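Heads up: the structure comes next, in structure tokens.
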Amino acid sequence: MDKDKLVDTVTRIIMERLNGAGGPPAASAGPSAVLFGNVPAAVVGDGIKTRQGTSPSDTAGADYIVMTQAAFRAFHGGAIPAALGGVPAAVAGATSATAGCSCGGGGCASCCGGAIDLTGKKLISERELKQSGAGQGDAVLVCPKAIVTALARDYANATGINLVRQ
């Protein structure tokens with residue numbers, strides 16, 4: 001089986017289980033998501049409670065954040081997500097210091113934006129890391145609940161990428 005086809009199949013199975021299809025029954029409270037923009041119901045799936053968000057503060061208590069490309073660009077000043085072909089700030093070298101930065105503008109993940117943000121993904125695969133443009137010494141932010149595949153961990157270790165759960 002082709003490696004990419006295998007990754008796609010495993011990803012599909014994991015996503016089905018995360019959404020409750022074919023896996024153990026979901027807890028009575030169930031997962032929740034905040035939607036930004038006109039997100040189709042089919043994207044979210046069954047069994048996930050949704051509410052519409054208008055500002056970053058609306059995400060409190062949500063398990064997932066789902067947004068359209070237009071909403072993403074509005075929140076991030078017109079940036080295109082790395083997963084959609086945009087160039088991450090860390091790759092482009094755009095790591096300027098922000099006001100009150102404690103690192104002096106050295107590109108730290110916490111205040112200078114030198115990290116590549118993949119926190120919107122439920123599953124981090126080797127392919128995701130390669131497509132993100134991350135390289136030696138880059139920090140890649142990952143959601144605490146995200147599943148990081150063994151291949152992704154191996155790739156990160158081999159290339160010097162720091163996976164940070166945040």
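Rule-based calculations on the coordinates, nothing more; no lab input. Not measured: the values here are computed from a predicted model. As a convention, Cβ positions derive from the backbone with ideal geometry for all residues, glycine included, and neighbour counts pool all protein chains shown.
For V148, the residues whose modelled amide H falls within less than 5 Å of its own, excluding neighbours fewer than 5 places apart on the same chain, are I124. Stretched out straight at 0.36 nm per residue, the stretch from S32 to T9 would grow longer than its current Cα-Cα span by 5.8 nm. Label sites at N162 and A42, each approximated as a point 7 angstrom past Cα along Cα to Cβ, lie 4.2 nm apart. Under 5 Å from the amide H of I161 lie the amide H atoms of G137, each residue being 5 or more positions distant or on a separate chain, with H modelled from the backbone and absent for Pro and chain starts.
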